[in-house]
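Written out below as structure tokens is the structure these notes cover.
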Amino acid sequence: MLAMGARAASSAQLRRFFAEGSLDGASIRFADGEEAHARRVLRLAPGDRALAIDGKGCERPCLLVAEGRGLALVPDGPAQHHPAPGQAGSPLPHITVAVPWPRGDRGEAMLERLVQWGVARVRPLLTAFTGPGERWRPERLERIARESLKQCRGTHLPELLDPAPLSAALPGARGRAYWLDPGADRSLARELAAAVPPLAPGPGEAWPSPIAIVVGPEGGFRDDERALLAGAGAIPAALAPQILRIETAAEGAVALVVGTVLAVGAADARPRDPA
């Protein structure tokens with residue numbers, strides 16, 4: 001039952017706002033800037049309902065009430081916890097994108113779309129030819145990631161890692177790393193389809209392994225960097241016959257991974273005819 005004065009809305013229609021701290025308690029507070037956005041930009045008022053989120057998989061319906069001249073959140077239903085990428089029950093594996101940060105606002109636009117695709121980590125990549133320099137602004141990028149997560153109704157913010165050299169960007173023994181190389185003999189699509197074990201988990205299982213997509217700088221990796229990738233077990237794979245911009249390659253590769261794991265999972269879920 002709705003509280004008196006509340007306006008009915010399904011959870012899919014509720015505006016989403018980041019909240020501070022745990023969402024399981026009796027009180028919930030807006031994160032910095034969220035209350036002003038709700039009141040001044042969206043023109044929400046006491047009696048409206050909203051969804052409080054923490055970017056770590058938890059969300060909770062709330063009622064907006066008056067607090068002085070502003071608004072406050074009052075819990076209006078139980079908190080719901082969603083598994084993180086790669087965990088059992090998550091719709092997606094744990095995906096890391098290691099990428100030299102693009103120039104100008106191209107990096108910010110890329111991050112918006114990577115959040116929408118559900119990546120778990122973003123690693124700015126330092127190579128022999130590139131470095132993020134002043135382009136890597138984590139506080140601003142965190143705000144961009146939050147807005148993108150609210151827009152796409154995602155549940156988990158990606159972890160924005162510090163810029164690091166190639167040696168730190170490769171996954172451990174458990175992970176699979178695909179290195180985008182336009183000169184590779186096999187395509188990324190073929191490598192993903194032929195992955196052993198399969199990319200998608202069985203019912204109730206965690207995802208088999210994290211996946212890393214490694215994107216090279218403009219001009220490509222240097223020979224010693226290519227040797228490092230090969231020595232670490234990274235799989236060279238071509239994404240397209242053309243030379244792609246950094247952000248285009250990163251976004252296209254993630255889209256291909258997501259589409260492939262969803263297709264594999266759907267195929268595994270279909271009943272098989274008895275022999």
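The values are calculated or read from the model by the stated rules, or taken from the named source; none is laboratory data. Owing to the predicted nature of the structure, the values given are computational and were not obtained by experimental measurement. Reconstructed Cβ throughout: ideal geometry from the backbone, glycine too, with neighbour counts over all protein chains shown.
Within the stretch 78-135, how many residues turn out to be part of a helix (DSSP H, G or I), over 13 Å from the mean Cα position of the chain (by Cα) and under 18 Å from Lys56 (Cβ atoms)?
Selection size over the stretch 78-135: 0.
For Leu73, only one of the following conditions fails: (1) among the hydrophobic types (A, V, I, L, M, F, W, C); (2) surrounded by 20 or more Cβ atoms within 10 Å (Cβ to Cβ); (3) under 15 Å from Ile246 (Cα atoms). What is its number?
(3)
In the stretch 153-166, what residues are exposed (fewer than 15 other Cβ atoms within 10 Å of the Cβ) and out of contact with any Leu (no Cβ under 7 Å at 6 or more places or on another chain)?
Arg153, Glu159, Asp162
Table: residues versus (1) in contact (Cβ under 8 Å) with a residue 60 or more places away in the chain; (2) closer than 20 Å to Ser148 by Cβ; (3) surrounded by 14 or more Cβ atoms within 10 Å (Cβ to Cβ).
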position	(1), (2), (3)
Ile28	no, no, yes
Ala38	no, yes, yes
Pro61	no, no, yes
His94	yes, yes, yes
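Among the residues that make up the stretch 216-225, is at least one of them at positive phi and over 17 Å from the mean Cα position of the chain (by Cα)?
Yes, that holds for at least one residue.
Taking Glu67 as the residue in question, decide whether it is outside the structural domain of Arg245 (by TED's automatic domain parsing) and without any contact (Cβ under 8 Å) to a residue 12 or more places away in the chain.
When the stated conditions are applied, Glu67 passes them.
Against the condition more than 30 Å from Leu199 (Cα to Cα) and modelled with pLDDT under 95, how does Arg7 come out, does it pass? Steps first, please.
Numbers: more than 30 Å from Leu199 (Cα to Cα): yes; modelled with pLDDT under 95: yes.
Yes, satisfied.
Identify the residue in the stretch 112-147 that is under 15 Å from Gly252 (Cβ atoms) and among the aliphatic types (A, V, I, L, M) and, among all such residues, is surrounded by the fewest Cβ atoms within 10 Å (Cβ to Cβ).
Out of the qualifying residues, it is Leu114.
Inside the stretch 260-275, can you point out the residues that are at pLDDT below 90 and in a helix (DSSP H, G or I)?
Correct list: Val261, Leu262, Ala263, Val264, Gly265, Ala266, Ala267, Asp268, Ala269.
Within the bounds of the stretch 47-59, is there any residue that is out of contact with any Phe, Trp or Tyr (no Cβ under 8 Å at 6 or more places or on another chain), surrounded by fewer than 18 Cβ atoms within 10 Å (Cβ to Cβ) and either at pLDDT 95 or above or assigned to a strand (DSSP E or B) (or both)?
yes
Take Asp224 and decide whether it is surrounded by fewer than 20 Cβ atoms within 10 Å (Cβ to Cβ), among the acidic types (Asp, Glu) and at pLDDT 90 or above.
Judged against the criteria, Asp224 is a match.
Does any residue of the stretch 29-39 turn out to be in a loop (DSSP other than H, G, I, E, B) and over 30 Å from Ala164 (Cα atoms)?
Start the filter on the stretch 29-39 by keeping residues that are in a loop (DSSP other than H, G, I, E, B), which leaves 31-33.
Retained after the next criterion (residues that are over 30 Å from Ala164 (Cα atoms)): 33.
Scanning the stretch 29-39 turns up at least one residue that is in a loop (DSSP other than H, G, I, E, B) and over 30 Å from Ala164 (Cα atoms).
Could you grab me the full set of residues in the stretch 227-246 that are of a type in the set (Val, Ile, Thr) and either surrounded by 17 or more Cβ atoms within 10 Å (Cβ to Cβ) or in contact with a strand residue (DSSP E or B) (Cβ under 7 Å, 6 or more places away or on another chain) (or both)?
Within the stretch 227-246, Ile235, Ile246 meet the criteria.
Test Ala109 against the criterion of being in the same structural domain as Ile211 (by TED's automatic domain parsing) and modelled with pLDDT of 95 or more, and give yes or no.
When the stated conditions are applied, Ala109 passes them.
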